[in-house]
Amino acid sequence: MIVFIIFITCCYLFLIGCFIYGFDKVPYFYYYEESLKNKFSVVIPFRNEAEHLPTLLNTILNLKYPVSHFELIFVNDNSEDASVEIIEKHLNNTSIDYKILQNKQCSKSPKKEAIKMAIEKAQYEWILTTDADCLLPKSWLECYNGFITKTSCHMVCGPVAYTHIHKFLDRFQAFDFLSLIGATIGGFGLKKPFLSNGANMAYRKTFFFHLNGFEGNTNIASGDDVFLLQKAIEKQPNAVVFLKALEAIVLTKPQPNFASLKSQRVRWASKTTNYKNTFGKLTGLLVLLMNATLLATLVFTGIGSMDAYTLVLAFGLKLTIDFVLLFKTASFFKQKQLFGSYLLCAFLHPFFSVYIATLSLFSNYKWKDRAYEK
């Protein structure tokens, strides 16, 4: 047992060490105003987002970019609240070009259907996706414009972070999310990208259709971002890049309670069994094994079958290597103030991780008031 613990811990240390190295290999992009202005079609699917849309729309109105060079395409996924009225109220008296489409659910993945419908109606070559519960930075489009002008890319994955972090559950989620973003950036630095976030993602319209869009994974409710990324790196890995820039950070709020957090994370974890990316699968498996090993070691220590030194050493090594990656990621997002809760979050995270992984294997989940089966 001790040999197994040592082996898993060493593999985990190596993996996170690689992500730390990869994180530093992705260069910062320093935003500057570019005279050449690309045109963007911003795609925003929504369902019952009346609570969040006013904040998003206010950030859109504050964007530093010529309104003649972008359009907004909202796709209404059978909302039962005042979402449509809120959009119209905010945008009707502006010069922003926008449209609201009505999604027609034909598969188990209404969000993918909504994005595909919007892309088919888009006027411009560059598609930018975000979510209705996000906040966009003022220089979001300017930053993307400068970046894609400078690089010969077809797909750009952008940074996402939590905002409105107040209570302990918020800080716990923030650390969990920072670990995902840190691994995302690290994967790009290692030239083995395997994660992305549809709340901040751009790609060429022609590239989307070259990849056959979401064909092949419409039976999975989520994954509009990750599965499209996997297709892209299979066909043209050098055309996919990460935009590591402060001015491109899209903000979103953590889940308000544990029940909604559990539902969200189970949904995220459920799609990992459908990954085709070997590196992504191995990463997920190794992280799960490390957390499960720590819990097993805790149990064996508690019943006296193992010396506490093994538990302290394994947990201490994990705590240390995780801290380095999280600190780098938190520094980029200006969130170093979170580390007052690091020890408690680090102690609880293995329990949470194994719990979510177990649920994702055996249970269904709800998303946007809809039930989905695995």
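Can you pull out every residue in region 327-340 that is open to solvent by 20 Å² or more (accessible area, probe 1.4 Å) and assigned to a helix (DSSP H, G or I)? Explain how you work it out, then say what you get.
First, the residues of region 327-340 that are open to solvent by 20 Å² or more (accessible area, probe 1.4 Å): 327-328, 331, 334, 336-337, 339-340.
Result: PHE327, LYS328, SER331, LYS336, GLN337, PHE339, GLY340.
The residue list SER68, SER41, SER79 contains one member that is touching a strand residue (DSSP E or B) at 6+ places or on another chain (Cβ under 9 Å), surrounded by 18 or more Cβ atoms within 10 Å (Cβ to Cβ) and modelled with pLDDT of 95 or more, which is SER41.
For region 3-43, name all the residues that are of a type in the set (A, V, I, L, M, F, W, C) and touching a Ser or Thr at 6+ places or on another chain (Cβ under 6 Å). Explain how you work it out, then say what you get.
In the first step, residues of region 3-43 are kept if they are of a type in the set (A, V, I, L, M, F, W, C); the result is 3-8, 10-11, 13-16, 18-20, 23, 26, 29, 36, 40, 42-43.
Residues satisfying the conditions are ILE5, ILE8, LEU36, VAL43.
Would you check if THR272 is under 17 Å from the mean Cα position of the chain (by Cα), open to solvent by 30 Å² or more (accessible area, probe 1.4 Å) and of a type in the set (Val, Ile, Thr)? Taking the combined requirement at face value, the residue satisfies it.
Scanning region 275-285 for residues that are open to solvent by less than 30 Å² (accessible area, probe 1.4 Å) and of a type outside the set (Val, Ile, Thr) yields a total of 3.
The set of residues from region 215-238 being open to solvent by less than 10 Å² (accessible area, probe 1.4 Å) and either part of a loop (DSSP other than H, G, I, E, B) or more than 20 Å from ALA269 (Cβ to Cβ) (or both) comprises ALA221, SER222, GLY223, ALA232. Answer yes or no: is there a residue in region 24-32 that is in a helix (DSSP H, G or I) and either among the aromatic types (Phe, Trp, Tyr) or surrounded by fewer than 22 Cβ atoms within 10 Å (Cβ to Cβ) (or both). The answer is yes, given that some residue of region 24-32 is in a helix (DSSP H, G or I) and either among the aromatic types (Phe, Trp, Tyr) or surrounded by fewer than 22 Cβ atoms within 10 Å (Cβ to Cβ) (or both).
Within the set SER109, SER79, SER35, SER83, the sole residue that is closer than 24 Å to TRP126 by Cα, without any contact (Cβ under 8 Å) to a residue 60 or more places away in the chain and small (Gly, Ala, Ser) turns out to be SER35. Note on region 259-269: residues that are among the aliphatic types (A, V, I, L, M), buried (at least 16 other Cβ atoms within 10 Å of the Cβ) and farther than 15 Å from VAL226 by Cα total 2. If you go through region 244-256 and keep only what is open to solvent by 70 Å² or more (accessible area, probe 1.4 Å) and touching a residue at least 60 places away in the same chain (Cβ under 8 Å), you end up with LEU246, LYS253.
Can you find, within region 193-214, the residue that is nearest to the chain's Cα centre (by Cα) among those that are outside any loop (DSSP other than H, G, I, E, B) and buried (at least 21 other Cβ atoms within 10 Å of the Cβ)? Checked region 193-214; the qualifying residue nearest to the chain's Cα centre (by Cα) is MET201.
For every residue, the table says whether it meets (1) in contact (Cβ under 8 Å) with a residue 40 or more places away in the chain; (2) among the small types (Gly, Ala, Ser).
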{"site": "PHE242", "(1), (2)": "yes, no"}
{"site": "ALA259", "(1), (2)": "no, yes"}
{"site": "ALA269", "(1), (2)": "yes, yes"}
{"site": "TYR275", "(1), (2)": "yes, no"}
{"site": "LEU286", "(1), (2)": "yes, no"}
{"site": "LEU295", "(1), (2)": "yes, no"}
{"site": "LEU317", "(1), (2)": "yes, no"}
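Scan region 146-170 for residues that are closer than 11 Å to LYS253 by Cα, open to solvent by 40 Å² or more (accessible area, probe 1.4 Å) and not aliphatic (A, V, I, L, M) and jot them down. Residues satisfying the conditions are HIS164, HIS166. Per the conditions (1) modelled with pLDDT under 95; (2) touching an Asp or Glu at 6+ places or on another chain (Cβ under 9 Å), the sole criterion not satisfied by ALA132 is (1).
State which residue pairs qualify: first residue more than 14 Å from GLU234 (Cβ to Cβ) and inside region 197-216, second residue of a type in the set (S, T, N, Q) and assigned to a loop (DSSP other than H, G, I, E, B) in any location, beta carbons under 6 Å apart, and separation of 6 or more residues or different chains. Matching pairs, first to second residue: ALA199/THR130. Only a single item in (1) at pLDDT 95 or above; (2) open to solvent by 30 Å² or more (accessible area, probe 1.4 Å); (3) of a type outside the set (Lys, Arg) is not met by GLY316, and it is number (2).
The values are calculated or read from the model by the stated rules, or taken from the named source; none is laboratory data. No experiment lies behind these values; they were computed from the predicted model shown. A quick note on method: Cβ atoms are made from the backbone with ideal geometry, for glycine too, and the neighbour counts reach across all protein chains shown. Ligands, DNA and RNA are excluded from the accessible area calculation, which covers all protein heavy atoms including side chains. Shrake-Rupley method; radii C 1.70, N 1.55, O 1.52, S 1.80 Å.
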